[in-house]
Amino acid sequence: MNPDMAAMETLGRAAAVLIACCGAATDVTSRKIYNKLTFPSMAASLLLYAALSGPEGFFYSAAGLLTGLTFGILWLAGMLKAGDIKLYMAIGAAAGRRFVLACGLYSILIGGAAACAVMLSRKTGRAAIRSVMLYFSRLLYTRRFEMYQPASEDGYFSFGCCIAGGAFAAVCSGGRLLF
């Protein structure tokens, strides 16, 4: 990796954390991650990498963007919203594929811990676990995929905050998948 790419990678990680924090802020206040944050972030990242590091930089950023898109599987399963996926794509475009994978892993772990905390604080844990188990058993027996529909919306928490936490954890881990 040339020195320009190493400097761009450091700058890209800082930009990814900033993008994630902006997405978390709008997710908390309006339950949305806006396209006017994600799409310009993706375009700016692709253009900056291309302008400063040439084709190598462009492909580095594009690979991160496409890796962020792979989290779309969680959207198809009904587990995340489209804004969360676009936020992953913007983070990937800014910081690269290894970073967005680490961010995704850490944000899913943070999200799981947050979901457990929400269930415990609202005393809805048994009903939620029963609902998820029923969903998976129905999926297994019918062998037909259906999007998961939670019983109620009162268990909502901002996954954008989990993504921001995952971005911080990825920075702390140096972009590695494990600490």
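Among 131, 169, 117, whose Cα lies farthest out toward the positive end of the dipole of the chain, if unit charges sit on the beta carbon of Lys, Arg (+1) and Asp, Glu (-1)?
It is 131.
May I ask you to compute the full-extension gain from residue 121 to residue 136, defined as 0.36 nm times their residue separation minus their alpha-carbon distance, rounded to one decimal in nm? Write out the running numbers ahead of the final one.
Values: separation 15, 0.36 × 15 = 5.40 nm, distance 2.46 nm.
Full extension from residue 121 to residue 136 adds 2.9 nm.
Using the structure shown, select from 81/123; 36/81; 32/123 the pairs with a Cα to Cα distance greater than 22 angstrom.
Numbers: 81/123 25 Å; 36/81 16 Å; 32/123 26 Å.
Check vs 22 Å cut-off fails for 81/123; 32/123.
Can you tell me the dipole magnitude for the stretch 1-139 around its Cα centre, using point charges on the Cβ only (Lys, Arg +1; Asp, Glu -1), in Debye to the nearest 20? Write out the running numbers ahead of the final one.
Numbers: 13 positive and 5 negative charges, 184 e Å.
Dipole about the Cα centre, nearest 20: 880 debye.
With a 1.4 Å probe and all protein chains left in place, how much of the accessible area of the chain comes from carbon and sulfur atoms, in whole percent?
Exposed carbon and sulfur together represent 71 percent of the surface.
With a 1.4 Å probe and all protein chains in place, put 30, 121, 158 in order of accessible area, largest first.
Details: 30 50, 121 85, 158 15 Å².
So, going from the largest accessible area down, we get 121, 30, 158.
To the nearest 10 square angstrom, how much accessible area does residue 9 have with a 1.4 angstrom probe?
40
Compute the helix-to-body angle for 3-30: its Cα long axis versus the longest principal axis of the chain, expressed 0 to 90° and rounded to tens.
That works out to roughly 30 degrees.
Taking a 1.4 Å probe, which of 108, 129, 91 shows the most accessible area, and what order do the others take after it?
Values: 108 80, 129 100, 91 0 Å².
The residues order as 129, 108, 91, largest area first.
Using the Cα atoms of the chain, I'd like the radius of gyration and the largest Cα-Cα distance, Dmax, both in angstrom.
Rg then Dmax for the chain, in Å: 17.5, 55.
Between rounded, prolate and oblate, where does the stretch 75-116 land on the alpha carbon gyration tensor, with a ≥ b ≥ c its root eigenvalues, rounded for a/c under 1.5, else prolate if a/b exceeds b/c?
Numbers: a/c = 2.61, a/b = 1.34, b/c = 1.95.
Verdict is oblate for the stretch 75-116.
What angle do you read, to the nearest 10 degrees and between 0 and 90, between the alpha-carbon axis of helix 35-69 and the longest principal axis of the chain?
The angle comes out at about 30 degrees.
For the stretch 1-150, report the accessible area per residue in Å² (1.4 Å probe, heavy atoms, rounded to an integer). List each step's numbers first, then the result.
Details: 8720 Å² over 150 residues.
Per residue, the stretch 1-150 has 58 Å² of solvent-accessible surface.
At 222 nm, what value in deg cm²/dmol follows for the chain if DSSP H runs of at least 4 each add -39500 (n - 2.57) and the sum is divided by all its residues, to the nearest 500?
Numbers: 7 runs with 140 residues, N = 179.
Helix contribution divided over all residues of the chain: -27000 deg cm²/dmol.
How do 168, 58 rank by accessible surface area computed with a 1.4 Å probe, from largest to smallest? Walk me through the numbers before you get to the answer.
Values: 168 105, 58 80 Å².
Heavy-atom accessible area, descending, gives 168, 58.
Rounded, prolate or oblate: which fits the stretch 1-102 when a ≥ b ≥ c are the square roots of the eigenvalues of the alpha-carbon gyration tensor, with rounded for a/c under 1.5 and prolate only if a/b beats b/c?
prolate
The values are calculated or read from the model by the stated rules, or taken from the named source; none is laboratory data. Note that the coordinates shown come from a computational prediction; the quantities given were computed from them, not determined experimentally. With ideal geometry, Cβ positions are generated from the backbone for all residues, glycine too; neighbour counts draw on all protein chains shown. Just so you know, the surface numbers come from the protein's heavy atoms only, side chains and all, with ligands and any DNA or RNA stripped out. Shrake-Rupley method; radii C 1.70, N 1.55, O 1.52, S 1.80 Å.
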